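The values are calculated or read from the model by the stated rules, or taken from the named source; none is laboratory data. For clarity, every value in this text was computed on a predicted model and none was experimentally measured. Here the Cβ positions follow ideal geometry from the backbone for every residue, glycine too, while neighbour counts run over all protein chains shown. Ligands, DNA and RNA are excluded from the accessible area calculation, which covers all protein heavy atoms including side chains. Shrake-Rupley method; radii C 1.70, N 1.55, O 1.52, S 1.80 Å.
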Amino acid sequence: MIAVRGLQKSFGTARVLRGIDLDIADGEVVALIGRSGCGKTTLLRCINFLEEYDTGEIRLDGEELWYRTTPGGARRRVSEAEARRMRQQMGIVFQQYNLFPHMTVLDNVLLGPRFAQRVSVAEAEALGRRLLARVGLEAKMSGYPAQLSGGQQQRVAIARALAMRPKVLLLDEITSALDPELVGEVEDVIRSLLSDRIMMVLVTHALGFAREVAHRIAYLADGAIVELGSPADILDRPKDPSLKEFLRRVR
Amino acid sequence: MSFARWVAIYGPTYLTGLGWTAVTAVGAACGALIWGCVLLLIRLSTGRWGARGVDAYVQLFRNTPVLLPIYLIYFAFPMIGLPWPAVVCGGLALILQNGAYISEILRGSVNAIDRVQFDAARSIGLAPWSTFRKVVLPQVLVYSIPALGNQTVLLLKDTSLLSAISITELTMQAKLLTEQTGAAYEAFIVVALLYLLLVSGTEVFFRVAHRAVRWR
């Protein structure tokens, strides 16, 4: 499970996260929604330390991540090697796919297992093939990202994240950059992962999809979680006025 | 003596010069590419002071004529107990200077890599060295192919300066032939044609290489 406590972050004078508390249970899917600029993507990037944060702590299965407090009380980042080890327990999928354009689809998926986890070539290839089959792209294995549609690229990105055998999958608006007719195939892949009971945190604007796959939805505004509850609570019986306003605008 | 007859008699003599020009150009081009990659790695991995060091190095070589390091290495190194053969001294000077230019070319191409790829590399736990080797360098080299082609052409022509330290490359060969036969026009026209051929070949090589990249 993941436990986030009192997470705060500022960019200069702008306070982006003002004390986030969030627990994600094993096998749970949590959706983060809110206006753009509310801090939901920043929260996601703090969880796997693509962004540093100022105070607060994040634990994964009890282990404190990213920072250590010295006996003297000073807060220090863990070493780069340690951070890499921790990061391998999480997979992230980005809005813009972020595939490596010079590598084949299979090599994109293999890169992490081969060069970060030092898995043997044969084992990594078997894993890569299996994952690409799972996202329905085994046939495109030796193609390059530029030869794929956006939806296909995003499915490769999901396979690449899964190749690290992560405990949690972080999904950052993974369908926002896609043409509407390509959204479905990517959402299908995520649906198919639900049976694996892998933890997921998804930042999304697709409220219908969030309702369907998420166990809980967190509504963020101005860097804080304003309301947290079941999809029905948040989407059908919102209490907070700004959430009501947000839902009115989105629909 | 007609030009054709002159070529028939002295043509084979040029092979020595052609050989030295080709060997020094190919050797120095490979060396300069490797040195340029090393300079790029130093720049990217050693923080501000490393980058400043590389900047100073690049300035030094960009703002001095290449004949200077050629002479310096050839005449000064023996004084400190390093009496290297002329071809090694000349090749080293060409590598040092062209490596500086190439590191700048490569640096420009790093900016062509979408920043988000570095997020992706970090997110799968790739160490900096693996990121450089597997993600940065392959893309940088491919983006740089046209500019590297230009630099290689410049390097190829600069090998003519090695005649100053007694290497019998093409230009030196022509000069020697002129001195022997008095036929300056013939001697240098043949050399010009040979350079033209070498440079065209180099350009074709880089164009084919650029087209062979499948992922672009």
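Selection of the range B:66-83 for residues being over 19 Å from residue B:157 (Cα atoms) and outside any helix (DSSP H, G or I) yields B:81, B:82, B:83. In the range A:152-181, the residue that is surrounded by the most Cβ atoms within 10 Å (Cβ to Cβ) out of those that are closer than 30 Å to residue A:122 by Cβ and without any contact (Cβ under 8 Å) to a residue 40 or more places away in the chain is A:155. When both residues are 6+ apart or on different chains and their Cβ atoms are under 6 Å apart, which pairs have a first residue that lies in the range B:32-50 and is free of Cβ contacts under 8 Å to residues at least 12 places away in the same chain, and a second that is in a helix (DSSP H, G or I) and open to solvent by less than 70 Å² (accessible area, probe 1.4 Å)? Once the first residue is free of Cβ contacts under 8 Å to residues at least 12 places away in the same chain and sits in the range B:32-50, its partners that are in a helix (DSSP H, G or I) and open to solvent by less than 70 Å² (accessible area, probe 1.4 Å) give B:50/B:42. Of all residues in the range B:113-142, those satisfying the criterion of being more than 23 Å from residue A:45 (Cβ to Cβ) and open to solvent by less than 60 Å² (accessible area, probe 1.4 Å) are B:137, B:138, B:139, B:140, B:141, B:142.
The residues listed here are A:229, A:184, A:208; of these, the one that is closer than 24 Å to residue A:8 by Cβ and of a type outside the set (Ser, Thr, Tyr) is A:229.
Residue A:65 passes every criterion in (1) open to solvent by 30 Å² or more (accessible area, probe 1.4 Å); (2) of a type outside the set (S, T, N, Q); (3) free of Cβ contacts under 8 Å to residues at least 40 places away in the same chain; (4) within 14 Å of another protein chain (Cβ to nearest Cβ) apart from (1).
The set of residues in the range B:169-180 being over 14 Å from residue B:194 (Cβ atoms) and of a type in the set (Ser, Thr, Tyr) consists of B:178 alone. As for the range B:53-67, it holds at least one residue that is of a type in the set (Gly, Ala, Ser), more than 14 Å from every other protein chain (Cβ to nearest Cβ) and free of Cβ contacts under 8 Å to residues at least 12 places away in the same chain.
Looking across the range B:195-216 at every residue that is in a helix (DSSP H, G or I) and within 14 Å of another protein chain (Cβ to nearest Cβ), the one that is farthest from residue B:171 (Cα to Cα) is identified as B:212. The C-beta contact set for the range B:75-97 (first residue within 23 Å of residue B:62 (Cβ to Cβ), second residue at pLDDT 90 or above and aromatic (Phe, Trp, Tyr), distance under 6 angstrom, 6+ apart or interchain) comprises B:89/B:74; B:95/B:35; B:97/B:61. Out of curiosity, is residue B:98 polar (S, T, N, Q), surrounded by 17 or more Cβ atoms within 10 Å (Cβ to Cβ) and either more than 18 Å from the chain's Cα centre (by Cα) or modelled with pLDDT of 90 or more (or both)? Yes: the conditions hold for residue B:98. No other residue among A:208, A:184 is closer than 29 Å to residue A:113 by Cβ and surrounded by fewer than 18 Cβ atoms within 10 Å (Cβ to Cβ) apart from A:184.
I'd like the full set of residues that are buried (at least 22 other Cβ atoms within 10 Å of the Cβ) and among the aliphatic types (A, V, I, L, M), limited to the range A:84-115. Passing the criteria: A:90, A:92, A:93, A:99, A:105, A:106, A:109, A:110, A:111.
Can you confirm whether residue B:155 is under 30 Å from residue B:72 (Cβ atoms), open to solvent by less than 60 Å² (accessible area, probe 1.4 Å) and either in contact with a Gly (Cβ under 8 Å, 6 or more places away or on another chain) or among the hydroxyl-bearing types (Ser, Thr, Tyr) (or both)? Spelling it out, it is not the case that residue B:155 is under 30 Å from residue B:72 (Cβ atoms), open to solvent by less than 60 Å² (accessible area, probe 1.4 Å) and either in contact with a Gly (Cβ under 8 Å, 6 or more places away or on another chain) or among the hydroxyl-bearing types (Ser, Thr, Tyr) (or both).
Within the option set B:6, B:84, B:20, being open to solvent by 70 Å² or more (accessible area, probe 1.4 Å), among the aromatic types (Phe, Trp, Tyr) and under 27 Å from residue B:191 (Cα atoms) holds for one residue only, B:20. Restrict the check to the range A:195-205 and report whether at least one residue is within 14 Å of chain B (Cβ to nearest Cβ) and either in a loop (DSSP other than H, G, I, E, B) or of a type outside the set (S, T, N, Q) (or both). Scanning the range A:195-205 turns up at least one residue that is within 14 Å of chain B (Cβ to nearest Cβ) and either in a loop (DSSP other than H, G, I, E, B) or of a type outside the set (S, T, N, Q) (or both).
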